[in-house]
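Taking it in order: structure first as structure tokens, then the write-up.
None of the figures in this text is laboratory data; all of them are computed from the coordinates on show. Please read these numbers as outputs of a predicted model, since none were measured by experiment. When we count neighbours, we look across all protein chains shown, and the Cβ atoms used for this are built from the backbone with ideal geometry, even at glycine.
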Amino acid sequence: MQQASTLPGQTAVAPSTSIPTGKLGVWWFLASEVTVFGGLIACYILMRLGGSGWEEEAAHLSLFFPLLNTVVLLTSSMTMVMAHAAVEAKDSQRLRTFLLATVLLGVGFLLLKAVEYSREMAHGFFPHTGLFWAFYYGMTGLHGLHVLGGVVVNLVLLLTAPTATATHQRRVEFAGLYWHFVDIVWIFLFPLLYLT
């Protein structure tokens, strides 16, 4: 088996694909996450089609918080793209600005989700209340953990971004791939949980 090799200052490339190994690793990780969320979404759809009473349960959800969170996440996707453009242009100041904006928007998403959870729990809706609520808290909670992971990664990139080096450029690109995945998952969860 041929190993990926590099010279100092070069990016490791998988010999069979000519794709940088870091990017390949991120894509493999995201593929595994697609199976996790895909399985949950498939189970949710099958259970919902096979049972009754889901509409009444879902009717208790407010649309305000998830709509606002959708705007927040889509905006954070834009700031992540701008951070990547800044690191490619070797503009450290803009890179830090857009990474900070992405981190703050991610934290804002989590705070809004916490307010939404506390509101639902105040009305007596907990994961054990019913099957819909188990799926609701399970899927949005798992998504929230992924948002938190992205916030931590972007915060580390922000704190270690005194200069926009080539290594940092790759790391921002990889973090961006993950962040966009998190946004795409929300685009699936939002209509499934709140609009159907």
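Nearest 10 degrees is fine. How inclined is helix 64-88 to the longest principal axis of the chain, computing both from alpha carbons?
Roughly 0 degrees between the two axes.
Which of 182, 134, 156 sits closest to the plus end of the dipole of the stretch 21-195, meaning its Cα is farthest towards the positive end, when Lys and Arg get +1 and Asp and Glu get -1 on the C-beta?
Checking the options against the dipole of the stretch 21-195, the answer is 156.
Rounded to the nearest 0.05, what FRET efficiency do residue 145 and residue 92 give with R0 = 30 Å and r taken as the Cβ-Cβ distance? Could you check? Write down the numbers at each step before the final one.
Numbers: r = 30 Å, r/R0 = 1.01.
It comes out at approximately 0.50.
Points 7 angstrom from Cα along the Cβ direction at residue 41 and residue 155: gap in nanometres?
The two pseudo-label positions are separated by 2.8 nm.
Name the shape class, rounded, prolate or oblate, that the alpha-carbon gyration tensor gives for the chain, where a ≥ b ≥ c are the square roots of its eigenvalues, rounded holds for a/c under 1.5, and otherwise prolate holds if a/b is larger than b/c and oblate otherwise.
Values: a/c = 3.26, a/b = 1.74, b/c = 1.88.
Cα axes put the chain in the oblate bin.
Around residue 62, with a cut-off of 11 angstrom between Cβ atoms, what is the net charge of the other residues, counting Lys and Arg +1 and Asp and Glu -1?
Working: positive: 119; negative: 116, 120.
Net charge around residue 62: -1.
Treat the count of other C-beta atoms within 10 Å as a stand-in for reagent exposure and order 183, 91 from fewest to most. Kindly include the intermediate steps, with their values, before the conclusion.
Numbers: 183 20, 91 14.
Ascending Cβ contact count within 10 Å gives the list 91, 183.
How many nm separate the modelled label positions at residue 56 and residue 33, each set 7 Å beyond the Cα in the direction of the Cβ?
According to this spin-label approximation, the distance is 3.7 nm.
Kindly express, to the nearest 10 degrees and within the range 0 to 90, the angle between helix 21-50's C-alpha long axis and the longest C-alpha principal axis of the chain.
Here the helix axis deviates by roughly 10 degrees.
Taking the chain as the reference, fit the longest principal axis to its C-alpha atoms, fit the long axis of helix 166-190 to the helix C-alpha atoms, and give the angle between the two in degrees, 0 to 90, nearest 10.
The angle comes out at about 10 degrees.
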